[in-house]
Amino acid sequence: MAKTVLIVEDEQNIAELLRMYLEKEGYTTAVASDGAQGVEQFRRVHPDLVLLDIMLPILDGWGVLQKIRQEAQTPVIMLTAKGETSDKVSGLKQGADDYITKPFEMKEVLARIEAVLRRASGDDKSKARRLTFDKLIIDLDSFELIVDGKRVETPPKEMELLYHLASSPNRVYTRNQLLDEVWGFDYFGDSRTVDVHVKRLREKLEGVSDQWSLKTVWGVGYKFEVV
Ligand code: CA
């Protein structure tokens, strides 16, 4: 299946050149010309990799990277201008997978993309079941919930429910979906079971951060909302 690359770049010439070259090489592409659009496209197309410029209108590359990392571990390659060494360092620290300095050769871009994608797919198998948000760590391997730096005793089903919701931020799940996917098809409970667990989770998570919350979607179900 063709891999999708999201190109977030406000310089039209560069974006177009990348798009044409990558499509010729068999990639599917999406292009965003400012940071806000970049985040929006990221959520819509679920790309396999993101090429992310730093200087962008509305929201810069760091802001976009931060939003992406709140939601996913999708590989990100930063496009930096010549000599922005400190940017490279902080980019890698903030969770970028690689960087390419402008002006670049298309061949180099392709080689970096392939290397990063290879690394990402290799990592997938041993990927830790751990999600990190502002003041929140949900670790399903150790069944630990860390809220604002403190470990909070949480029963396994609550952990699994929270992990499930937070794995797909902003996606709305119905109570029946959650029963099926978290408790399993042969569970003889009713949808109030979900409500009770969400209520207990809320007591632990209420007001911890303004960047995420466990939301009720009236008449539908629940979602882990990330802003
Ligand atoms: Ca730019």
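Pairs meeting the criteria (first residue in segment 53-82 and at positive phi, second residue at pLDDT 90 or above, beta carbons under 7 Å, at least 6 apart or on different chains) are ILE58/ASP34; ILE58/GLY35; ILE58/ALA36.
Working only within segment 25-55, note down all residues that are within 15 Å of the ligand (Cβ to nearest atom) and in a helix (DSSP H, G or I). Answer for segment 25-55, where residues must be within 15 Å of the ligand (Cβ to nearest atom) and in a helix (DSSP H, G or I): GLY35, ALA36, GLN37, GLY38. Among the candidates ARG175, ARG118, ARG112, which residue alone is within 30 Å of THR80 (Cβ to Cβ), out of contact with any Cys (no Cβ under 7 Å at 6 or more places or on another chain) and surrounded by 17 or more Cβ atoms within 10 Å (Cβ to Cβ)? None of the others qualify; the one that does is ARG112.
For segment 6-19, residues that are touching a residue at least 40 places away in the same chain (Cβ under 8 Å), more than 10 Å from the ligand (Cβ to nearest atom) and surrounded by fewer than 17 Cβ atoms within 10 Å (Cβ to Cβ) total 1.
If you check ILE77, ILE58 for being of a type outside the set (Lys, Arg), within 16 Å of the ligand (Cβ to nearest atom) and part of a loop (DSSP other than H, G, I, E, B), only one passes: ILE58.
Does segment 146-156 contain any residue that is more than 19 Å from ARG129 (Cβ to Cβ) and polar (S, T, N, Q)? No, the conditions are met nowhere in segment 146-156.
Checked against (1) away from the ligand (no atom under 16 Å from the Cβ); (2) assigned to a loop (DSSP other than H, G, I, E, B); (3) more than 29 Å from ALA166 (Cα to Cα); (4) touching a helix residue (DSSP H, G or I) at 6+ places or on another chain (Cβ under 8 Å), LEU22 passes all but a single condition, namely (2). Of the helices (runs of 4 or more DSSP H) lying entirely inside segment 137-227, the ones with 3 or more residues being within 21 Å of the chain's Cα centre (by Cα) are found at 156-167.
The values are calculated or read from the model by the stated rules, or taken from the named source; none is laboratory data. Note that the coordinates shown come from a computational prediction; the quantities given were computed from them, not determined experimentally. Here the Cβ is made from the backbone with ideal geometry for all residues, glycine too, and neighbour counts use every protein chain on show.
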